[in-house]
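This report concerns only the one structure given below.
The values are calculated or read from the model by the stated rules, or taken from the named source; none is laboratory data. Just so we're clear, the structure is a prediction, and the values are computed from it rather than from any experiment. Virtual Cβ from ideal backbone geometry, glycine too; neighbours counted across all protein chains shown. Accessible surface is based on the protein model in full, side chains and every heavy atom, while ligands, DNA and RNA are left aside. Shrake-Rupley method; radii C 1.70, N 1.55, O 1.52, S 1.80 Å.
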Amino acid sequence: MASQLMKTDGAGTLRAGDVGRDVVLAGWVARRRDHGGVIFLDLRDASGFAQVVVNPEDAPASEEDLRGLRLEYCLQVEGLVRPRPEGTVNTDLPTGAVEVVAKTLTVLSPSDPLPFQLDERADVEEAKRLEYRYLDMRRSRMAENLRARSQAIKAMRRVMDDEGFLEVETPTLIASTPEGARDMLVPSRLRKGQFYALPQSPQLFKQLLMIGGVERYYQIAKCYRDEDFRADRQVEFAQLDFEGAFWGQDDVLATLELISSAVVEELRGEAIDLPIRRLTYQDAMARFGTDKPDLRFGMEITDLGSAFASTEFQAFAGVLEAGGSIRGINGGELGLARSGLDALVARAQELGAKGLVWMVVEDGGTVRSPVAKFLSDTEQAAVVEKLGAGPGDTLLIVADRDRTVSKVLGELRLEIGQPEGSDDLAFAFIVDFPVFEVGEHGGLVPAHHPFTAPADVDDLVAHPETALSRSYDLVLNGSELGSGSVRIHDPGTQAKVFEVMGISDEDAEARFGWFLEALRYGTPPHAGFAIGIDRMVSILQGEPNIREIIPFPKTQTGADPLTGSPSRVTEDQLFELGIDVRPEVRKAWAEEGDDPLA
Ligand code: ASP
């Protein structure tokens, strides 16, 4: 580290080898204990902690100063490093063998009483932590997460650099591009009534860079999506965005393997299993009920249709006739009482299934189940056999529309099987996505942005509901880390895809005429990807949400409790922008008693 004028050493760097040295430390008072007139301080700085012993007899500071020395005061300490007396060595702390006897002690900045304890164990409400993020990050959890984020980005940059990628920045004030979410808009003062959009991703710019001959591009890109809040989303987040020309899917996936290996190696000192397992979208849905399967455990969903092909059990026969499916999982030895099994049925119903059939395998291979009397011995034996079940295992079966079965069993599988506290890592590539997925309200919605190449454009036009695209996702432990695709590189295909996606010719021309034109100048085939950096680091750090990885995140409702954004602006600012706030919004302000014009 470059030298610092105010200190000779980082507090956390002192070791037995430093004994006998005169050092100057600077940092914050993390703990203070008074022992018979002698004061022990834990001095914390970015490198860790050191124990400082202040003996008033050596008079390093006035008694009054010492008495007033409170937590989080910012201090400079000059002193001698000595071994800790026998019996007081702390082997949990890297600096636990030594202490610094203070010769002089200077208060650089006092601290007000703290809004919350910075003690690691103190359970502080998140809103408070965000309001005082600058204090929260003095705690080791946040400090470690910030460090991990920086290391992850460093590892990413190293790979991209080694692989010959050029780091290029793209603008953040752009024209609106469809990526599936709502744009965040910025009004223009010079062109009143017109708006920039903040990028949902640098998608079209990276494609322009390919057309521009850059061949390999990357960027740590800030992306903005005005989405309704979900637990693990932020309006503003960071991606490692990259693209390669003369590239296909395998080039992208090979690069993702390099990046994932480097980041895991950097943060955990471990190698990942290579090659990363590949699953088709269809396979993932059938076997795990989701396109982001958690592969740290098995408990695969198994099709049981053939076991019930000629069943007399009406509920099952009806579903098969209607084209639905009967599938099940072996939940293992759950040992649930009747109430527990009933709770699983209720949970399945909450998730959208009409019902859930449970079976508990008994010694001898027979099953105990509310529907056992409707099923033949052969059917029961076939289920046990297909699910690889043994005595004591609980089997869960759902018969419904295919989609519902996937959703319900996929969710139950996670709830029952997900390992708690495991630090295993299971990466996966999901490939061969359909162009469209069935949306929440039943209609078809594009699974990826409209610049993604279809596997076969004629098939897309003829059978949009089943056509496949050349897109792929990277999944880690049941979370999507990012997605990408082979891109369309000819204007004709692009126009057809816009049409199938319901973007009219005029609309496409008006919004992306410039891009369609660019595609006409010798566009190389190209492909790329974007990894959500916050998500990746949060999983590797074992954090429950990405806010723990973002230095200054927004709350789940999009607000920043620290700086108070979003906030109103002055009437003058609005006037300059040629913008007025709609009457109904003003009315709501007035009702809250704070319309500046009222
Ligand atoms: N732009 C896409 C996204 O942000 C990623 C990609 O296709 O490269 O999800």
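Could you check region 555-566 and list, in sequence order, the residues that are assigned to a loop (DSSP other than H, G, I, E, B), open to solvent by less than 40 Å² (accessible area, probe 1.4 Å) and in contact with a helix residue (DSSP H, G or I) (Cβ under 8 Å, 6 or more places away or on another chain)?
T555 - this is the single residue of region 555-566 that is assigned to a loop (DSSP other than H, G, I, E, B), open to solvent by less than 40 Å² (accessible area, probe 1.4 Å) and in contact with a helix residue (DSSP H, G or I) (Cβ under 8 Å, 6 or more places away or on another chain).
So which pairs qualify, if the first residue must be in region 380-396 and more than 10 Å from V361 (Cβ to Cβ), the second must be β-branched (V, I, T) and part of a strand (DSSP E or B), the Cβ gap must be under 7 Å, and the two must be at least 6 apart or on different chains?
From residues that are more than 10 Å from V361 (Cβ to Cβ), the pairs are K386/T302; L396/I329.
Only one of these conditions is not met by Q282: (1) crowded, with 17+ Cβ neighbours inside 10 Å; (2) over 17 Å from A389 (Cα atoms). Which number is it?
Of (1) crowded, with 17+ Cβ neighbours inside 10 Å; (2) over 17 Å from A389 (Cα atoms), only one is false for Q282: (1).
Restricting to region 513-535, name every residue that is hydrophobic (A, V, I, L, M, F, W, C) and within 15 Å of the ligand (Cβ to nearest atom). If you could, list the steps in order and put the result at the bottom.
Residues of region 513-535 hydrophobic (A, V, I, L, M, F, W, C): 514-516, 518-519, 527, 529-531, 533.
Matches in region 513-535: F515, A527, F529, A530, I531, I533.
Output yes when any residue across region 216-228 is within 20 Å of the chain's Cα centre (by Cα), touching a residue at least 12 places away in the same chain (Cβ under 8 Å) and more than 14 Å from the ligand (Cβ to nearest atom), and no when none is.
yes
Within region 348-361, how many residues turn out to be touching a residue at least 40 places away in the same chain (Cβ under 8 Å) and in a strand (DSSP E or B)? Reasoning before the result, please.
So the first thing to find is which residues in region 348-361 are touching a residue at least 40 places away in the same chain (Cβ under 8 Å), and the list is 348, 351-357.
Those still in the list that are in a strand (DSSP E or B) too: 357.
Going through region 348-361 one residue at a time, the tally reaches 1.
Within region 68-87, work out how many residues are over 10 Å from V107 (Cβ atoms) and either among the aliphatic types (A, V, I, L, M) or not in a loop (DSSP other than H, G, I, E, B) (or both).
The qualifying residues number 8.
Consider region 1-39. How many of its residues are of a type in the set (G, A, S) and surrounded by fewer than 16 Cβ atoms within 10 Å (Cβ to Cβ)?
Taking region 1-39 as the starting set, the residues that turn out to be of a type in the set (G, A, S) are 2-3, 10-12, 16-17, 20, 26-27, 30, 36-37.
Subset that is surrounded by fewer than 16 Cβ atoms within 10 Å (Cβ to Cβ): 2-3, 16-17, 20, 36-37.
Summing the residues that are of a type in the set (G, A, S) and surrounded by fewer than 16 Cβ atoms within 10 Å (Cβ to Cβ) in region 1-39 gives 7.
Could you say which residue among V371, V438, V367, V445 is of a type outside the set (S, T, Y) and in contact with a helix residue (DSSP H, G or I) (Cβ under 6 Å, 6 or more places away or on another chain)?
Numbers: V371 fails: in contact with a helix residue (DSSP H, G or I) (Cβ under 6 Å, 6 or more places away or on another chain); V438 fails: in contact with a helix residue (DSSP H, G or I) (Cβ under 6 Å, 6 or more places away or on another chain); V445 fails: in contact with a helix residue (DSSP H, G or I) (Cβ under 6 Å, 6 or more places away or on another chain).
When all the criteria are applied, what remains is V367.
Only residues in region 481-503 that are under 25 Å from D241 (Cα atoms) and of a type in the set (F, W, Y) count as the first member; pair them with residues that are within 12 Å of the ligand (Cβ to nearest atom) and not in a helix (DSSP H, G or I), Cβ under 7 angstrom, at least 6 apart or cross-chain, and list the lot.
Partner pairs satisfying both residue conditions: F498/P450.
Please verify whether region 439-461 includes one or more residues that are closer than 20 Å to E300 by Cα, at pLDDT below 95 and surrounded by fewer than 16 Cβ atoms within 10 Å (Cβ to Cβ).
Filtering region 439-461 for residues closer than 20 Å to E300 by Cα gives none.
Looking through region 439-461, none of the residues is closer than 20 Å to E300 by Cα, at pLDDT below 95 and surrounded by fewer than 16 Cβ atoms within 10 Å (Cβ to Cβ).
Look through V81, V23, V19 and report the one residue that is in contact with a Pro (Cβ under 7 Å, 6 or more places away or on another chain) and at pLDDT 95 or above.
Working: V81 fails: in contact with a Pro (Cβ under 7 Å, 6 or more places away or on another chain); V23 fails: in contact with a Pro (Cβ under 7 Å, 6 or more places away or on another chain).
Being in contact with a Pro (Cβ under 7 Å, 6 or more places away or on another chain) and at pLDDT 95 or above holds for just one of V81, V23, V19, which is V19.
Within the group R121, R138, which residue is open to solvent by 20 Å² or more (accessible area, probe 1.4 Å), touching a residue at least 24 places away in the same chain (Cβ under 8 Å) and in a loop (DSSP other than H, G, I, E, B)? Walk me through how you get there before you give the answer.
On the way: R121 fails: touching a residue at least 24 places away in the same chain (Cβ under 8 Å).
Just one listed residue meets the conditions, R138.
For residues in region 189-211 being touching a residue at least 40 places away in the same chain (Cβ under 8 Å) and open to solvent by less than 30 Å² (accessible area, probe 1.4 Å), which is farthest from the ligand (Cβ to nearest atom)? Reasoning before the result, please.
Keep residues of region 189-211 that are touching a residue at least 40 places away in the same chain (Cβ under 8 Å), which gives 189, 192-193, 201, 203-204, 206-211.
From the residues that got through so far, the ones that are open to solvent by less than 30 Å² (accessible area, probe 1.4 Å) too are 201, 203-204, 206-207, 210.
Values: S201: 3, Q203: 4, L204: 9, K206: 7, Q207: 9, M210: 12 Å.
Restricting to residues being touching a residue at least 40 places away in the same chain (Cβ under 8 Å) and open to solvent by less than 30 Å² (accessible area, probe 1.4 Å), the top hit is M210.
Answer with yes or no whether T290 is of a type outside the set (A, V, I, L, M, F, W, C), open to solvent by less than 20 Å² (accessible area, probe 1.4 Å) and in a loop (DSSP other than H, G, I, E, B). Lay out the reasoning, then the answer.
Numbers: of a type outside the set (A, V, I, L, M, F, W, C): yes; open to solvent by less than 20 Å² (accessible area, probe 1.4 Å): no; in a loop (DSSP other than H, G, I, E, B): yes.
Criteria not met by T290.
Please go through (1) within 30 Å of R158 (Cα to Cα); (2) part of a helix (DSSP H, G or I); (3) touching a residue at least 12 places away in the same chain (Cβ under 8 Å); (4) hydrophobic (A, V, I, L, M, F, W, C) for I272 and return the number of the only condition it doesn't satisfy.
Only one criterion in (1) within 30 Å of R158 (Cα to Cα); (2) part of a helix (DSSP H, G or I); (3) touching a residue at least 12 places away in the same chain (Cβ under 8 Å); (4) hydrophobic (A, V, I, L, M, F, W, C) is unmet by I272, namely (2).
How about region 144-170: which of its residues are hydroxyl-bearing (S, T, Y) and either at positive phi or in a helix (DSSP H, G or I) (or both)?
From region 144-170, those hydroxyl-bearing (S, T, Y) are 150, 170; that's our starting set.
Within region 144-170, S150 is the sole residue that qualifies.
Could you check G364 against (1) open to solvent by 10 Å² or more (accessible area, probe 1.4 Å); (2) outside any strand (DSSP E or B); (3) under 30 Å from G180 (Cβ atoms) and say which number it fails?
Looking at each condition in turn, G364 falls short on (3).
Filter region 485-535 down to residues that are small (G, A, S) and loosely packed, with under 15 Cβ neighbours inside 10 Å and give me whichever is farthest from G180 (Cα to Cα).
Residues of region 485-535 small (G, A, S): 485, 492, 495, 502, 504, 508, 510, 513, 518, 522, 527-528, 530, 532.
Retained after the next criterion (residues that are loosely packed, with under 15 Cβ neighbours inside 10 Å): 492, 502, 504, 510, 513, 522.
Details: G492: 22, G502: 13, S504: 17, A510: 18, G513: 19, G522: 28 Å.
Out of the qualifying residues, it is G522.
Could you please let me know if L387 is surrounded by 15 or more Cβ atoms within 10 Å (Cβ to Cβ) and modelled with pLDDT of 95 or more? Reasoning before the result, please.
On the way: surrounded by 15 or more Cβ atoms within 10 Å (Cβ to Cβ): yes; modelled with pLDDT of 95 or more: yes.
Yes, satisfied.
Only one of (1) surrounded by fewer than 22 Cβ atoms within 10 Å (Cβ to Cβ); (2) modelled with pLDDT under 95 is not met by A307, so which one is it?
Here A307 clears every test but (1).
Here is a list: A143, A127. Which entry is surrounded by 13 or more Cβ atoms within 10 Å (Cβ to Cβ) and either without any contact (Cβ under 8 Å) to a residue 24 or more places away in the chain or of a type outside the set (S, T, N, Q) (or both)?
Working: A127 fails: surrounded by 13 or more Cβ atoms within 10 Å (Cβ to Cβ).
Step by step, each of A143, A127 is checked, and only A143 is surrounded by 13 or more Cβ atoms within 10 Å (Cβ to Cβ) and either without any contact (Cβ under 8 Å) to a residue 24 or more places away in the chain or of a type outside the set (S, T, N, Q) (or both).
State yes or no: is Y218 within 16 Å of G528 (Cβ to Cβ) and part of a strand (DSSP E or B)?
Values: within 16 Å of G528 (Cβ to Cβ): yes; part of a strand (DSSP E or B): yes.
Taking the combined requirement at face value, the residue satisfies it.
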